[in-house]
Amino acid sequence: MKLSEATQKLTRLISEETIHEKILELGKCITSDYRDKLPLVIIAPLRGSFIFAADLIRAIDLPLRVDFMEVSSYGNEMHSSGNVKIHKDLRDDIAGCHVIIAEDIIDTGLTLNTLLAMLQTRNPASLEIASLLIKPHKHALSIKPKYVGFSIDDSFVVGYGLDYRGFLRNTSSIYSVSDPSVLEF
Ligand code: 5GP
């Protein structure tokens, strides 16, 4: 099955154009908020955030560094396990830096809370969150995301970096999956 055939079986929630416009908007806000707050470091939690982070950094008109962490809370399931595992840590020190975590999606917020607690102990000058998507109803975050792309209903979404069993990250739009049995991965 081609990727384009798979996505035809899904509901397109947010188009490529809409995502692009929103990221330009977020980039402008960050550029204006951080012009006097340097050095700026964007942290992309792998793997779901890599496409969002790649687009967001190019929408920010400031010098910045990018770093990556890999954490997981989902495995192959469609619901948060509550367990967050750190697989890969940052390469560089963030002490004294203004840090923005570029997150793909906040569902329960468990993953992000663990990350925030960990990063706060490293003495960044500031620590904020930019999340492309948020499911606003149920998370209990220790800090509120400063930048949010879209609030969505409590459906499982894929595409633009977000996966279903490791697949579907490489679509340009975001889709909701109401019935995973239509997917043959
Ligand atoms: P949380 O800890 O906020 O419940 O979930 C965090 C992680 O779970 C996200 O960074 C993302 O990787 C994954 N996740 C949460 N909701 C979804 C979803 O609707 N679709 C996909 N593909 N992943 C999700």
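The values are calculated or read from the model by the stated rules, or taken from the named source; none is laboratory data. Keep in mind that what you see is a predicted model, and the values were worked out from it rather than measured. Heads up, the Cβs are rebuilt from the backbone with ideal geometry, glycines too, and the neighbour counts pull from every protein chain shown. The accessibility values were calculated without ligands, DNA or RNA, using every heavy atom of the protein model including side chains. Shrake-Rupley method; radii C 1.70, N 1.55, O 1.52, S 1.80 Å.
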Considering region 113-133 alone, what residues qualify as being among the β-branched types (Val, Ile, Thr) and open to solvent by less than 10 Å² (accessible area, probe 1.4 Å)? ILE129
Looking at region 125-158 only, could you name the residues that are under 14 Å from PHE52 (Cβ atoms), more than 9 Å from the ligand (Cβ to nearest atom) and touching a Lys or Arg at 6+ places or on another chain (Cβ under 9 Å)? ILE129, ALA130, LEU132, GLY149, PHE150
Subset of region 121-178 (residues that are within 26 Å of CYS97 (Cα to Cα) and assigned to a loop (DSSP other than H, G, I, E, B)): THR121, ARG122, ASN123, PRO124, ALA125, ALA140, LEU141, SER142, ILE143, LYS144, PRO145, LYS146
In region 100-117, which residue that is of a type in the set (A, V, I, L, M) and within 14 Å of LEU141 (Cα to Cα) is farthest from the ligand (Cβ to nearest atom)? ALA117
Residues of region 1-11 satisfying the condition of being of a type in the set (A, V, I, L, M) and open to solvent by less than 70 Å² (accessible area, probe 1.4 Å): LEU3, ALA6, LEU10
Note on region 90-112: residues modelled with pLDDT under 95 and open to solvent by 60 Å² or more (accessible area, probe 1.4 Å) are LEU110
Answer with yes or no whether ASP163 is touching a His at 6+ places or on another chain (Cβ under 7 Å) and charged (D, E, K, R). no
If you go through ILE14, ILE23, the only one that is open to solvent by less than 20 Å² (accessible area, probe 1.4 Å) and in contact with a Ser or Thr (Cβ under 7 Å, 6 or more places away or on another chain) is ILE14
Give me the pairs: first residue in region 65-80 and away from the ligand (no atom under 11 Å from the Cβ) and among the charged types (D, E, K, R), second residue open to solvent by 80 Å² or more (accessible area, probe 1.4 Å) and at pLDDT 90 or above, beta-carbon distance under 9 Å, and six or more apart or on different chains, which are they? ASP67/ARG91
Within region 159-178, of all residues that are open to solvent by 20 Å² or more (accessible area, probe 1.4 Å) and closer than 19 Å to LYS2 by Cβ, the one farthest from the ligand (Cβ to nearest atom) is SER172
Any chance region 26-46 includes a residue that's at negative phi, aromatic (Phe, Trp, Tyr), at pLDDT 95 or above and open to solvent by 80 Å² or more (accessible area, probe 1.4 Å)? no
Cβ-Cβ under 7 Å pairs, at least 6 apart or on other chains, region 35-57 side charged (D, E, K, R), far side surrounded by 20 or more Cβ atoms within 10 Å (Cβ to Cβ) and at pLDDT below 95: none
Counting only residues in region 1-32 that are touching a residue at least 60 places away in the same chain (Cβ under 8 Å) and charged (D, E, K, R), the one farthest from SER172 (Cα to Cα) is identified as LYS9
